[in-house]
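Since the structure comes first, as structure tokens, the remarks are kept for the end.
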Amino acid sequence: MASQDWFDKDFYKTLGVEKDISDAELRKAYRKLARKYHPDTHPGDKTAEEKFKEISEAYDVLSDADKRKEYDQIRAMGAGARFSAGPGGAGGAGGYGNFEDLFGGLFGQGGYQPGYGQGGRTYTTTSGGGGFEDLFGGMFGGGGSAGGQAGFQANRKGADQRASTTLNFMTAIKGDTIDLQAGDGRIITVRIPAGVKDGQKIRLRGKGAPGPQGGEPGDLILEVSVRPHPVFSRDGNNIVVQVPITFAEAVRGTTIEVPTIDGSTVKVRVPAHSQTGKKLRVKGRGVSTKKETGDMIVELGIVVPNRLTNDQEKALDDFIAASPDENPREDLMREARV
């Protein structure tokens with residue numbers, strides 16, 4: 001919902017972006033600033049905390065297509081105009097004395113009549129229409145109420161808020177309950193579902209800003225970053241693990257033991273004459289979500305020994321002597337000339 005202070009706040013400038021920025025670049029700019037000013041990295045720093053709130057507010061508006069359109073319309077409509085806090089206040093560059101004068105000038109309507117609501121008055125049109133809330137309702141798809149501004153505020157949903165968190169790999173895979181600090185300083189306990197991915201956004205219903213005068217709270221949009229794991233990586237809902245094998249194991253074939261994400265191990269059969277990069281699939285040992293469970297992909301890598309014993313040297317010489325004269329790079333060279 002539109003806010004009077006949108007006239008004074010340049011959200012594009014807050015995020016350091018141009019008006020025609022794409023959604024992807026906008027998200028990139030926000031994440032960079034959010035990491036820089038996040039309260040977790042500046043404990044007790046009020047300046048950083050306020051900056052983080054400004055960044056979050058700006059991104060909340062600009063990342064939502066409807067809010068961004070409304071914001072751009074209001075900024076364009078109110079270009080050059082400033083509002084005073086009450087009747088008789090000084091006018092801005094646009095020559096309007098206060099909020100009601102601006103809308104009277106824009107729409108050819110009269111002033112205001114005293115009433116109730118924010119600031120002790122409700123704004124109306126002289127053409128017999130509804131109050132200030134009806135004016136915004138007509139412009140942006142909302143609806144008015146006989147209760148004036150107070151009723152309008154009470155029906156408003158609280159603003160959506162944004163937060164970010166970094167999880168270790170296993171927490172993202174298995175899920176967990178964590179505490180987050182919202183942009184307004186509140187501590188929010190949230191449940192991270194199993195299987196969240198790096199860069200994924202989670203909408204937490206009712207965890208955003210409280211609604212005005214008891215209205216429904218907004219949502220919290222949580223963006224997740226996941227730290228890499230030293231052994232496992234992720235491809236969709238599949239878990240990938242690179243496993244070294246010896247030259248002899250690759251040639252002869254063998255059965256090896258491979259670790260899994262649940263802390264256990266599984267035995268995997270390596271076929272004879274396996275090559276580096278060969279992938280073996282273990283069903284059902286990947287990431288489990290509400291929709292599906294992935295597999296584990298075992299990627300083989302042949303390890304060349306750093307040194308050989310005398311017996312190994314002799315055996316290798318015999319192996320080379322007994323090997324046919326062949327060049328494994330012939331296909332590579334031929335295809336490169338196509």
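The values are calculated or read from the model by the stated rules, or taken from the named source; none is laboratory data. Please read all numbers here as calculations on a predicted model, not as lab measurements. Here the Cβ positions follow ideal geometry from the backbone for every residue, glycine too, while neighbour counts run over all protein chains shown.
Which residue pairs have Cβ atoms closer than 8 Å, lie 6 or more positions apart in sequence or on different chains, and pair a first residue in segment 191-205 that is on the phi > 0 side of the Ramachandran plot with a second residue that is in a strand (DSSP E or B)? Pairs found: G195/S288; G199/E223; G199/V224; G199/S225.
In contact with a helix residue (DSSP H, G or I) (Cβ under 7 Å, 6 or more places away or on another chain) and at pLDDT below 90 - does that describe any residue in segment 203-213? Spell out the reasoning first.
Restricting attention to segment 203-213, the residues satisfying the condition of being in contact with a helix residue (DSSP H, G or I) (Cβ under 7 Å, 6 or more places away or on another chain) are 212-213.
The next check asks that each one be at pLDDT below 90; those that pass are 212-213.
Looking for residues that are in contact with a helix residue (DSSP H, G or I) (Cβ under 7 Å, 6 or more places away or on another chain) and at pLDDT below 90, one finds at least one in segment 203-213, hence yes.
No other residue among T171, T254, T189, T177 is assigned by TED's automatic domain parsing to the domain that holds V303 and of a type in the set (S, T, Y) apart from T254. Please work out if S264 is surrounded by fewer than 18 Cβ atoms within 10 Å (Cβ to Cβ) and either within 28 Å of the chain's Cα centre (by Cα) or closer than 30 Å to R186 by Cα (or both). No: the conditions fail for S264.
Residues that are under 17 Å from K174 (Cα atoms) number at least 2 in the following strands (runs of 3 or more DSSP E) confined to segment 222-338: 232-235, 238-246.
Only one of the listed residues (K13, K46) is surrounded by fewer than 19 Cβ atoms within 10 Å (Cβ to Cβ), farther than 30 Å from D198 by Cβ, of a type outside the set (V, I, T) and modelled with pLDDT of 75 or more. That residue is K46. Against the list (1) under 26 Å from Y59 (Cβ atoms); (2) touching a residue at least 40 places away in the same chain (Cβ under 8 Å); (3) part of a helix (DSSP H, G or I), the condition G208 fails is (3). If only residues of segment 49-80 that are at pLDDT 85 or above and among the β-branched types (V, I, T) are counted, the one that is nearest to L167 (Cα to Cα) is I55.
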